[in-house]
């Protein structure tokens, strides 16, 4: 399975092609003002927003967006944004593809919420099909866990409301709580959003209470994506944040090695960066086998002392759940990961 997290893909952020910017003008003429028009893929699927919440203004990376009434047709452009929207009772009419899996596909934490109403696929990581988005006549576009560029934001804002990434954070490094709150505010469901966040926080607290021995233990997270190379993920990456919320922390050496990068592409000569009380590797059985066979990896202390943990992206979808790190995927990930961490003495 293509994970979408390999360094080359993780750093893939391209500007909107000029041709698309020009072509969208014609589509915009038919899409503007169409937000209230109904289609067979109407998105409302749960409790309505509090009408008193509107108008609401959401601040973000590129300014602020005022939403005058409850959005009915929502398109999500962040890689995991659809989860929070689904959890709040709305089915996006459009979403991006990640992991080369349809976002309404097999993910066990969200499959039932999609039901038989799949979204239109409107792009992949930070590469959006503006014509498709406009044709869906959205009244709201959400791009939280994304690398949306200002040019893309400006183009989309010509025909719909857009809530871009949370301000004050590097792309793909905003806390899941902040992204969830941005989404909840835009949908007029602030109270429901806080309940979702509180429930997830309670899951993490239960883990911390049950495992006080994990508090302060260092952790690193990486992916051996090809022989001789691996990716190390930022302390602010969702996969690392997930473990930090269980009580783990990261070392100064690890933080310095990553800097402001969301992911660092390193050779096995830099496996020292991954030394920690717990080293978590994501990947496939093939990449796990290759890393364990590497002569330099065999010499690492964390491997010799059996404090490393290999988690698959697929079957079960543990790595995918950690990558999403949303109000829907976190409970599933906790159930999968905790027993594996408990097995490490």
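Coordinate-derived values only; no laboratory data. Predicted model only: the values in this text are computed from it and were never measured. Here the Cβ is made from the backbone with ideal geometry for all residues, glycine too, and neighbour counts use every protein chain on show.
Some notes on this structure:
- Modelled spin labels at residue 213 and residue 112, positioned 7 Å past Cα toward Cβ, are 3.4 nm from each other.
- Look at where the Cα atoms of the stretch 120-168 and of the stretch 49-86 average out, and the two centres are 12 Å apart.
- CD proxy at 222 nm, helix term only [per DSSP H run n ≥ 4: -39500 (n - 2.57); per residue of the chain; nearest 500]: -10000 deg cm²/dmol
- Calculated P(r) of the chain - Cα pairs past 35 Å, %: 23
- Angle between the chain longest axis and helix 190-210 axis [Cα atoms, degrees, rounded to 10]: 10
- Rg to Rh, two decimals, where the stretch 209-345 supplies the alpha carbon set and Rh follows Kirkwood: 0.93
- Relative to the dominant Cα principal axis of the chain, helix 176-186 is inclined by about 10°.
- The angle between the Cα long axis of helix 18-31 and the longest principal axis of the Cα atoms of the chain comes to about 50 degrees, rounded to the nearest 10.
- Coarse-grained scattering of the stretch 60-199 at q = 0.16, 0.18, 0.19 Å⁻¹, given as base-10 log I(q)/I(0) from a Debye sum over alpha-carbon atoms: -0.76, -0.99, -1.13
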